[in-house]
Amino acid sequence: MPEDSDWEAYKVPPTRTPVSERTTSVPNPATFFQTVFNYVVDAPVTFVREWIERQQAKNKFYYYHQKFRRVPDLSECLEGDYLCFFEAEAQWRRDRMVDQEIVEIVRERLGACKQREGPNQFQNCAKEVELLAQVTKAYQDRYGDLGVHGNARTCLMKQKHRMMEERKAQANASQ
């Protein structure tokens, strides 16, 4: 700041805040209602919320690490056990979503490797290419040709037919 500054233009704030002088003996209704609101509404709500937070802090629940118990496969369900059919179907859908995510993660890793390596991708990304080929083959073997409306029953029938074809091919090869 220059030496010749105008001190009147830049006044220093007072060191003590002046006390407001009350002109009436009637209390301010705004402060009265604020105090009533704090004690009647805010304090109980705050107390309950803090109590709930303390209880939740004791029992942490991580919803994104939820683990489902494995249910019996559709082939292990008894005839007419519709609850078992439903649980097996739900388990199959979860397994299918997990397998889709595995394929997607491996595909993203391969894309990142190709982006990172550039012209040397054929040499340096050979493991990722092989892994993607294995994962997609396994996914196609299990879920391929099921279509959009595939379910656990059609997947089980596809698996059964594939096993029968493998046995037939093995029997023909041994003769």
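The values are calculated or read from the model by the stated rules, or taken from the named source; none is laboratory data. Bear in mind that the values here come from a model prediction, so they are computed numbers and not experimental data. Quick reminder, even Gly has a Cβ in these numbers, built from the backbone with ideal geometry, and neighbours come from all protein chains shown. Please note that ligands, DNA and RNA were not included when accessible areas were found on the heavy atoms of the full protein model with its side chains. Shrake-Rupley method; radii C 1.70, N 1.55, O 1.52, S 1.80 Å.
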> When the Debye formula is applied to the Cα atoms of the chain, each taken as the same point scatterer, what base-10 log of I(q)/I(0) results at q = 0.11, 0.15 Å⁻¹?
Replying inline: -0.83, -1.11
> Against the longest alpha carbon principal axis of the chain, how many degrees, from 0 to 90 and to the nearest 10, is the axis of helix 152-174 turned?
Replying inline: 30 degrees
> Is it possible to state the helix-based mean residue ellipticity at 222 nm for the chain, with each DSSP H run of 4+ residues giving -39500 (n - 2.57), the sum divided by total residues, to the nearest 500 deg cm²/dmol? What is it?
Replying inline: -20500 deg cm²/dmol
> In whole percent, how big is the carbon plus sulfur part of the accessible area of region 90-175, probe 1.4 Å, protein atoms only?
Replying inline: 54 percent
>> Using the basic label-point model (7 angstrom from Cα toward the beta carbon), what is the Phe61 to Glu117 distance in nanometres?
In response: 4.6 nm
> In Å², what does the accessible area per residue of region 42-108 work out to with a 1.4 Å probe?
Replying inline: 86 Å²
>> Ignoring GluC sites (Glu not before Pro) that are buried or in helix or strand per DSSP, and keeping those with at most 16 other beta carbon atoms within 10 Å, what is the longest stretch of the chain between them?
In response: 80-175
> Residue by residue through region 24-35, which ³J(HN,Hα) values in whole Hz follow from phi under the Karplus form 6.51 cos²θ - 1.76 cosθ + 1.60 (θ = phi - 60°), with glycine and proline marked x?
Replying inline: 9, 8, 7, x, 5, x, 5, 5, 4, 5, 5, 5
> Going from most exposed to least, what order do Trp51, Trp92 have by accessible area with a 1.4 Å probe?
Replying inline: Trp51, Trp92
>> With no other cysteine's Cβ closer than 4.7 Å, which Cys residues of the chain count as lacking a disulfide-compatible partner?
In response: Cys155
> For the chain, with the dipole built from +1 on Lys and Arg beta-carbon atoms and -1 on Asp and Glu ones, taken about the Cα centre, which of Val12, Phe122, Thr23 lies farthest toward the positive end?
Replying inline: Phe122
> Largest first, what is the accessible-area ranking of Tyr62, Tyr82 with a 1.4 Å probe?
Replying inline: Tyr82, Tyr62
> Could you give the length gained on full extension between Ala43 and Thr31, defined as 0.36 nm per residue of separation minus the Cα-Cα distance, in nm?
Replying inline: 2.7 nm
> How far is helix 43-58 tilted off the main Cα axis of the chain, in degrees rounded to 10, range 0 to 90?
Replying inline: 40 degrees
> What range in the chain is the longest one free of trypsin sites (Lys or Arg not before Pro) that are in a loop by DSSP and have at most 16 other Cβ atoms within 10 angstrom?
Replying inline: 71-175
